[in-house]
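Chemist: Before we start, here is the structure in question, set down as C-alpha cells.
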Amino acid sequence: MTPTTPVLLSADKLTCIREDRLLFDELSFVVRGGDIIQIEGANGTGKTSLLRILAGLSQPYSGEVLYKDQVIKHCDDEYKADLLFIGHLAGIKGEMSSEENLAFYLKMHGLDASKAEATLDEVNLFGFEDAMASNLSAGQHRRIALARLWQSQNKIWILDEPFTAIDKAGVKKLEQLMLKHTQNGGAVILTTHQDLSLNSNDFSKIILEHQFF
Amino acid sequence: MWKWLHPYANPEVSYHFTGKLIPWFAIISAILLTVGLGMGLLYSPADYQQGNSVRIFYLHVPAAMLSMGLYLGMAIAGLTALVWQMKLAESSIAALAPVGATFTAIALLTGAAWGKPMWGAWWVWDARLTSELILLFLYFGVMALQNAFEDKALAGKAASILALVGVINLPIIHYSVEWWNTLHQGATVSKFEKPSMSIDMLRPFLLSLFGFAFLAGTLVCMRFRAEIIERNSMRPWVKALAKEHN
Amino acid sequence: MQLSYRRAFSTILKRDLVIAFRHRDDILNPILFFIIVVSLFPLGVGPAANTLMKIAPGVIWVAALLSTLLSLERLFKHDYNDGSLEQLLLMPCPTFVLVLAKITAHWLITGLPLIIIAPFLGVLLNLHQDSYVALMLSLLLGTPVLSLLGAIGVALTVGLKKGGVLLSLLVLPLYIPVLIFATGAIDAASMNLPYNGHLAIIAALFFGSLTLAPFAVGSALKVSTN
C-alpha cells in the first residue's frame, strides 16, 4: 500500500444509532485505491450497518461519507457508477434464470450481457445457466450475485460476508480476484467471519467494538 | 443555514426553552378561552334563525381552522426535516399529529352537533364536514405510519414524506369535495352560511380562536418535550435530568 | 459506466414484465377481485335496472380503487424481501428512472386489464349506454394516477411487517379526487353533458403526480431500505 494513491472513499466522524443503541461513535477512516479493508467485530457491533452507510443505503446518525472528497449525497450518480455492493440478500429473482439474473445486473451497469453465461462458470454454476433461480439454493443465489465481480468495472467493492456459501477453492479464487482488483487501483471493503488467507501486507483491518456508555 | 435557528436545533436547548414557554402558553390560553368562550356562549347575541345553537360556532370554527393549520405546520416541519435534516423537526411532527387529529375530531363532533338542529340529521355530506373527515384520515395515516416504525429516526422521515404528500393533496381534495358537493346539491344540503359577523360575534370568536391556538401550542410543546426525552434517552443530559427527578 | 435513461428504463421495465408474466396469479387475482366486487353489488342492492344504472360508475370505480390497492404491494414487496430493491437503488441510474419504470410495469399489468374488462362490468351493472366512452377514458387517465400515488404508499410501508392495512389507510384518501372526477365524468356523459372538463382535471392530476410522485417514492424507498 503506497500512501500516495488517491483517497477514494472517506468516512468522516460516522455515528450510528440503531433502535436507541449506539453502534459506533465518530468513526473516521480513509479508503485509498489499492486497499483491501476488512471490518472486524463481534455480532451486533454494526459491521453491516457500517457497510450500508458506506454504500449510501443507510444514513448515519451524524457524520458524512465522502467519495473523492464529495459528500456521496451530492455525487450520487457518479458514486453509484463506481460502486458494487453485495449485501446479505443476494437480490436474485426466483422468476428468472441464473443467466437472466446476472445479465440484468450487467446490462444495468452498461456491460456486455452476453458474457453472463461464461461468467457463471467462475462461481461453479456451470450447467445452471438456464435453471430458474427459484429452484436454486440460497448459497447459489449468493454465487450468482458474486459472479458480478468478475465483470465489474466498479472501483469500489463493498462486500458483506462474501465467503459464506462458497467452498475453499472458491474463497481462494475470490481472494485472488480482489487482489487483481486492487492492483488495478480498485478498493475492497468487506466483512468476513473467516480469516483472509491473504498476506498481511495486502489488507488492513478496522475493528468495531461494543460501545458501553 | 439560518444561524439563529442553530441553538434551537440542539435538543437540550429546545427542551428547556419549550419548558419555559409552556406555563405562559397555558396561562394565556386559559385567560383567552375563559373570556372568549364566556362572551361567546353567554353574552353574544343569538342568531335570528338558528337561535342558541349558533353558539357552537365558537368551538367549531376555531377547531376546524386549527386542524388545518396544524396539518400545515406538520408539513412545514416535514419539509425542514427532509431538506435540512433537522431531527427536531421530526420530533415536532410526532408532537403535532395527535393534537391536530384531536382538533379535527372536535371540529367533526361539534359540526355534527350543529348539524342536528340545523339539518335535522347528525351527519350530512356537507363539503366542509367531508373535507374535515378526510383530514382526519390523513392525520390517522401520519400517526399510524409513525407508530409502525420501530426506529424513531426512520419513523420521523417516513412521516415527513407523508405529511408533505398530504399537504400537496389537501387543497386538491378540498376543492374536489367542494365541487362534488355543489354537483350533488339537489338533496338537502345547505352549507354553513358565511356569517357576516357582527362585532359582537367577531370579538369572542377571535378571542376563542387565539385561546385554542395557545392551547394547541401548550399541548404541542408538552408532547414535543416528551418526544425529545424519548429520542435522546441515551444522552448524558437526559440521564442527569432523570436523576434529578428521582 | 452510466446507461442512458431510456435504456435503464426499458431494461427495468422488461425485467418486471418478464417476472409478472411468469407469475400470472399476480396479474389475474386483482382482475378477478375487480369482477367479484362489482358483481356483489346487484346482490346487495337488488337487481332493479334503474338503481344499478345510478350506482354503476361509483361501483366500478371503487372496485377499481380496491383492486389497484390489492395489487400495489407487489410493486416493491418481493424486491424488498429478496434484496433486489437495494440493488436497484444502487444501479447507476437516477432513482426516478427506476421508480417510473416500475410504476409503468405495474400499470401495464394491473391498470390496463381493468380498462379492458370495465365495459363488460358496465353491461352487468346496466351502465347508461352513453357512458361507456367516458368510463374507458376516465380509467385510461385515472388508473395511472392510482399507480403513481399508490407507489408512494407502498414505498413508505414496504419495510414494515404489517404494512397491508396501513397502506390502505395512507393511500385511499389520496384517491378521492380521482374518484370524484372520474365518476363525475361518467355521470355527465350519461346526461349527455360535456365531460372533457372532468377528463382535463384527471389529466392534470396525472401529470402532477407523474412529476412529483417519483421523487416522493424515491425518498420513501430510501427510508424503507435504511
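The values are calculated or read from the model by the stated rules, or taken from the named source; none is laboratory data. If you're wondering where the values come from, they're calculated on a predicted model, not measured in any experiment. As a convention, Cβ positions derive from the backbone with ideal geometry for all residues, glycine included, and neighbour counts pool all protein chains shown.
Chemist: Consider the stretch A:49-62. How many of its residues are surrounded by fewer than 19 Cβ atoms within 10 Å (Cβ to Cβ) and more than 10 Å from every other protein chain (Cβ to nearest Cβ)?
Modeler: Qualifying residue count, the stretch A:49-62: 0.
Chemist: So is C:ALA151 surrounded by fewer than 22 Cβ atoms within 10 Å (Cβ to Cβ) and at pLDDT 95 or above or not?
Modeler: Numbers: surrounded by fewer than 22 Cβ atoms within 10 Å (Cβ to Cβ): no; at pLDDT 95 or above: yes.
Here the answer is no, as C:ALA151 does not meet what is asked.
Chemist: What number goes with the only condition from (1) among the aromatic types (Phe, Trp, Tyr); (2) in contact with a Phe, Trp or Tyr (Cβ under 8 Å, 6 or more places away or on another chain); (3) closer than 15 Å to C:THR68 by Cβ that C:PHE206 does not pass?
Modeler: (2)
Chemist: Please work out which one of (1) closer than 24 Å to C:VAL154 by Cβ; (2) touching a strand residue (DSSP E or B) at 6+ places or on another chain (Cβ under 9 Å) is the condition B:PRO117 fails and give its number.
Modeler: Result: B:PRO117 fails condition (1) only.
Chemist: Filter the stretch C:82-117 for residues that are within 8 Å of chain A (Cβ to nearest Cβ), within 24 Å of A:ALA133 (Cβ to Cβ) and not aliphatic (A, V, I, L, M) and give the result.
Modeler: Within the stretch C:82-117, C:ASP82, C:GLY83, C:SER84, C:GLU86, C:GLN87, C:PRO92, C:CYS93 meet the criteria.
Chemist: Would you confirm, using the coordinates I've provided, whether A:ALA138 is under 18 Å from C:ASN81 (Cβ atoms) and out of contact with any Lys or Arg (no Cβ under 7 Å at 6 or more places or on another chain)? Walk me through how you get there before you give the answer.
Modeler: Values: under 18 Å from C:ASN81 (Cβ atoms): yes; out of contact with any Lys or Arg (no Cβ under 7 Å at 6 or more places or on another chain): yes.
Yes, satisfied.
Chemist: So which residues in the stretch A:113-135 are outside any helix (DSSP H, G or I), touching a helix residue (DSSP H, G or I) at 6+ places or on another chain (Cβ under 7 Å) and not small (Gly, Ala, Ser), if there are any at all? If you could, list the steps in order and put the result at the bottom.
Modeler: Within the stretch A:113-135, the first condition is being outside any helix (DSSP H, G or I), and the residues that meet it are A:123-132.
Among the residues that remain, those that are also touching a helix residue (DSSP H, G or I) at 6+ places or on another chain (Cβ under 7 Å) are: A:123-126, A:128-131.
Hits for the stretch A:113-135 are A:VAL123, A:ASN124, A:LEU125, A:PHE126, A:PHE128, A:GLU129, A:ASP130.
Chemist: A further question follows. Filter the stretch A:64-78 down to the residues that are within 12 Å of another protein chain (Cβ to nearest Cβ) and in a strand (DSSP E or B) and list them by number.
Modeler: Residues satisfying the conditions are A:GLU64, A:VAL71.
Chemist: Moving on. Could you tell me which residue of the stretch B:190-246 is nearest to B:ILE93 (Cα to Cα), considering only residues that are of a type in the set (Val, Ile, Thr) and at pLDDT 85 or above? Spell out the reasoning first.
Modeler: Keep residues of the stretch B:190-246 that are of a type in the set (Val, Ile, Thr), which gives B:199, B:218, B:220, B:228-229, B:238.
Filter again for at pLDDT 85 or above, leaving B:218, B:220, B:228-229.
Working: B:THR218: 15, B:VAL220: 9, B:ILE228: 12, B:ILE229: 15 Å.
Top of the filtered list is B:VAL220.
Chemist: Go through the stretch A:79-102 and give me each residue that's among the hydrophobic types (A, V, I, L, M, F, W, C), at the interface with another protein chain (Cβ under 7 Å from one of its Cβ atoms) and part of a helix (DSSP H, G or I).
Modeler: A:ALA81
Chemist: Related question: Here is a list: A:LEU8, A:LEU50, A:LEU66. Which entry is in contact with a Gly (Cβ under 6 Å, 6 or more places away or on another chain) and not basic (Lys, Arg)?
Modeler: Result: A:LEU8 is the single residue among A:LEU8, A:LEU50, A:LEU66 that is in contact with a Gly (Cβ under 6 Å, 6 or more places away or on another chain) and not basic (Lys, Arg).
Chemist: Please go through the stretch A:78-94 and pick out each residue that is free of Cβ contacts under 8 Å to residues at least 60 places away in the same chain and buried (at least 19 other Cβ atoms within 10 Å of the Cβ).
Modeler: Of everything in the stretch A:78-94, those that are free of Cβ contacts under 8 Å to residues at least 60 places away in the same chain and buried (at least 19 other Cβ atoms within 10 Å of the Cβ) turn out to be A:TYR79, A:LYS80, A:LEU89, A:ALA90, A:GLY91, A:ILE92, A:LYS93.
Chemist: Scan the stretch C:155-176 and give yes if some residue there is within 25 Å of C:LEU52 (Cα to Cα), surrounded by 22 or more Cβ atoms within 10 Å (Cβ to Cβ) and within 14 Å of chain B (Cβ to nearest Cβ), otherwise no.
Modeler: Checking the stretch C:155-176: at least one residue is within 25 Å of C:LEU52 (Cα to Cα), surrounded by 22 or more Cβ atoms within 10 Å (Cβ to Cβ) and within 14 Å of chain B (Cβ to nearest Cβ).
Chemist: Could you say which residue among A:ALA55, A:ALA11 is in contact with a helix residue (DSSP H, G or I) (Cβ under 8 Å, 6 or more places away or on another chain), under 24 Å from C:LEU85 (Cα atoms) and touching a residue at least 24 places away in the same chain (Cβ under 8 Å)?
Modeler: On inspection, the qualifying residue turns out to be A:ALA55.
Chemist: Residue under question is C:LEU13, and the condition is that it be of a type in the set (A, V, I, L, M, F, W, C), within 13 Å of chain A (Cβ to nearest Cβ) and under 28 Å from C:PRO177 (Cβ atoms); does it hold?
Modeler: yes
Chemist: What number of residues within the stretch B:137-164 satisfy the criterion of being basic (Lys, Arg) and either touching a Leu at 6+ places or on another chain (Cβ under 9 Å) or within 9 Å of chain C (Cβ to nearest Cβ) (or both)? Step through it out loud before you land on a result.
Modeler: First, the residues of the stretch B:137-164 that are basic (Lys, Arg): B:152, B:157.
Right, trim to either touching a Leu at 6+ places or on another chain (Cβ under 9 Å) or within 9 Å of chain C (Cβ to nearest Cβ) (or both) and you get B:157.
The number of residues fulfilling the criteria is 1.
Chemist: Any idea which of (1) within 10 Å of chain A (Cβ to nearest Cβ); (2) more than 24 Å from A:LYS73 (Cα to Cα); (3) in contact (Cβ under 8 Å) with a residue 12 or more places away in the chain is the one C:ILE60 doesn't satisfy?
Modeler: Going through the list (1) within 10 Å of chain A (Cβ to nearest Cβ); (2) more than 24 Å from A:LYS73 (Cα to Cα); (3) in contact (Cβ under 8 Å) with a residue 12 or more places away in the chain, C:ILE60 breaks only (1).
Chemist: In addition: Report whether or not C:ALA185 is in contact with a helix residue (DSSP H, G or I) (Cβ under 8 Å, 6 or more places away or on another chain), buried (at least 20 other Cβ atoms within 10 Å of the Cβ) and facing another protein chain (nearest Cβ under 10 Å).
Modeler: No, not satisfied.
Chemist: Suppose we filter the stretch B:193-243 for residues that are without any contact (Cβ under 8 Å) to a residue 24 or more places away in the chain, of a type in the set (D, E, K, R) and not in a helix (DSSP H, G or I); how many remain?
Modeler: Qualifying residue count for the region: 2.
Chemist: Please find, within the stretch C:17-36, the residue that is nearest to the other protein chains (Cβ to nearest Cβ) out of those that are crowded, with 18+ Cβ neighbours inside 10 Å and either over 16 Å from the mean Cα position of the chain (by Cα) or among the aromatic types (Phe, Trp, Tyr) (or both).
Modeler: C:ILE19
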